[in-house]
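Input: a single structure, listed below in structure tokens.
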Amino acid sequence: MTDAYTSGCTCMRRAPSVWRTAAFTLMVATLTVATAASSAETYPNKALRLIVPFPPGGGTDAISRVLGHKLTERWGVPVIVDNRGGANGIIAAQLTAEAASDGYTILLITAGHAINPSLHAKLPYDAIRDFVPVTSVAFGAFALVVHPSVPATSVKELIALAKTYPGKLNFASSGTGSPNHLAGEMFKRRAQVNITHVPYKGAGPALAALLAGDVDLAFGTMVSVPAHLKAGKLRALAVTTAKRSSVAPDIPTMSEAALPGFDVSSWFGVVAPAGTKRDIILKLSQTITDIVNMSDVRQRFAREGLEPLGSTPEQFLKFLNSEIARWRTVVQQSGVRAE
């Protein structure tokens, strides 16, 4: 027995290196699978940070609060909404790109994320390679809104006013190169008018300036303007999408009002830092997709002119690539450059 046992052990000790290598590889693979399964099962077990690229008060912030609340309800962990406004989302995106890729930092992005690569010769991150797409969240229209002091009740009247007083009217945006800024530039080019752009650090400050009468008009999201329309604090002349908004079906489209073919939209999605584990991304994607399609969330979005989306990471990546290409054309046609 002893000799046989000793002999058997000797054979194992003297096994060819190829077998030892294979055994080690199998062990590592087994541990990797076990670790991946473990990360999916235990995630999340601490607070998440949801970075928002604009200050509190705007439509993007409103969406982030809904997501944060529902994620907390679903997972039982705090979701900290971290507003990092400025530079049309570059500050927030860089912060996210540099964060740990553990699934505990995610970023709510808008079309600005797809616009920035065309506006800036060099960004502190790559809009695709430094992030992992999680899911799309929602889609909506911009509304061309004016302060009540502006003597125009239609797009045609606004165009006539702008041509009568070139350079006198001004429009607010959430920052140079933001989607609502480019919507304004498209309006200027298509209507052949001269109106002045006034950038702000986010949709919230831009909306506040418009409500105060500091600026004459803006292309605001249908997330942030409906309440002010009902209160008579703003007047809507048109929506920018090809179809009318469900939240305000009486407002004509830009195509119907004066400028055929005018079509600009706002959208929202979630990304995570590059290197975030696949199983965590899938869990985030499925959970957020479930949340945005909950009946109460759908109703909340509908009241604000948003259509809930939700997608796989692969679908959202394809969408991001197409948006980067589309906005590159818009930027080139408008001649806008980063300040």
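The values are calculated or read from the model by the stated rules, or taken from the named source; none is laboratory data. Bear in mind the structure is a predicted one, so any value in this text is a computation, not a measurement. As a convention, Cβ positions derive from the backbone with ideal geometry for all residues, glycine included, and neighbour counts pool all protein chains shown.
Residues of region 183-203 being closer than 16 Å to Leu158 by Cβ and β-branched (Val, Ile, Thr), which ones? Before the answer, list the steps.
Applying the first criterion (closer than 16 Å to Leu158 by Cβ) to region 183-203 yields 183-197.
Residues satisfying the conditions are Val193, Ile195, Thr196.
Could you tell me whether any residue of region 98-105 is assigned to a strand (DSSP E or B), over 21 Å from Gly269 (Cβ atoms) and β-branched (Val, Ile, Thr)? Write out each step before concluding.
Residues of region 98-105 assigned to a strand (DSSP E or B): 105.
Next cut, over 21 Å from Gly269 (Cβ atoms) only: none.
Among the residues of region 98-105, not one is assigned to a strand (DSSP E or B), over 21 Å from Gly269 (Cβ atoms) and β-branched (Val, Ile, Thr), which makes the answer no.
Results for (1) outside the structural domain of Ile280 (by TED's automatic domain parsing); (2) surrounded by fewer than 22 Cβ atoms within 10 Å (Cβ to Cβ); (3) among the acidic types (Asp, Glu), shown as yes or no for each residue.
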site: Pro53; (1), (2), (3): no, no, no
site: Gly57; (1), (2), (3): no, yes, no
site: Ile63; (1), (2), (3): no, no, no
site: Val66; (1), (2), (3): no, yes, no
site: Glu73; (1), (2), (3): no, yes, yes
site: Gly76; (1), (2), (3): no, yes, no
site: Gln94; (1), (2), (3): no, yes, no
site: Ala100; (1), (2), (3): no, yes, no
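For a quick check of your reading of the model, give me the residue pairs whose first member lies in region 120-133 and is at negative phi and at pLDDT 95 or above, whose second is in a loop (DSSP other than H, G, I, E, B) and surrounded by 17 or more Cβ atoms within 10 Å (Cβ to Cβ), with beta-carbon atoms closer than 7 Å and at least 6 apart or on different chains.
Filtered contacts from region 120-133: Val132/Thr276.
Residues in region 312-325: is at least one surrounded by fewer than 17 Cβ atoms within 10 Å (Cβ to Cβ), under 20 Å from Pro179 (Cα atoms) and among the polar types (S, T, N, Q)?
Yes, that holds for at least one residue.
For region 325-337, indicate whether the set of residues that are free of Cβ contacts under 8 Å to residues at least 40 places away in the same chain, farther than 18 Å from Ala93 by Cβ and part of a helix (DSSP H, G or I) is non-empty.
The answer is yes, given that some residue of region 325-337 is free of Cβ contacts under 8 Å to residues at least 40 places away in the same chain, farther than 18 Å from Ala93 by Cβ and part of a helix (DSSP H, G or I).
Would you call Phe262 surrounded by 20 or more Cβ atoms within 10 Å (Cβ to Cβ), at pLDDT below 95, among the hydrophobic types (A, V, I, L, M, F, W, C) and not in a helix (DSSP H, G or I)?
On the way: surrounded by 20 or more Cβ atoms within 10 Å (Cβ to Cβ): yes; at pLDDT below 95: yes; among the hydrophobic types (A, V, I, L, M, F, W, C): yes; not in a helix (DSSP H, G or I): yes.
So Phe262 passes the test.
If the requirement is being assigned to a loop (DSSP other than H, G, I, E, B) and touching a helix residue (DSSP H, G or I) at 6+ places or on another chain (Cβ under 8 Å), which of these qualifies: Pro151, Pro117, Pro133? Before you say what the answer is, go through the steps one by one.
On the way: Pro117 fails: assigned to a loop (DSSP other than H, G, I, E, B); Pro133 fails: assigned to a loop (DSSP other than H, G, I, E, B).
Sole residue among the options that is assigned to a loop (DSSP other than H, G, I, E, B) and touching a helix residue (DSSP H, G or I) at 6+ places or on another chain (Cβ under 8 Å): Pro151.
Could you count how many residues in region 286-322 are out of contact with any strand residue (DSSP E or B) (no Cβ under 7 Å at 6 or more places or on another chain) and in a loop (DSSP other than H, G, I, E, B)?
Restricting attention to region 286-322, the residues satisfying the condition of being out of contact with any strand residue (DSSP E or B) (no Cβ under 7 Å at 6 or more places or on another chain) are 286-287, 290-291, 294-296, 299-300, 302-304, 312, 314-315, 318, 321-322.
With in a loop (DSSP other than H, G, I, E, B) added as a condition, the list becomes 294, 304, 312.
Residues in region 286-322 being out of contact with any strand residue (DSSP E or B) (no Cβ under 7 Å at 6 or more places or on another chain) and in a loop (DSSP other than H, G, I, E, B): 3 in total.
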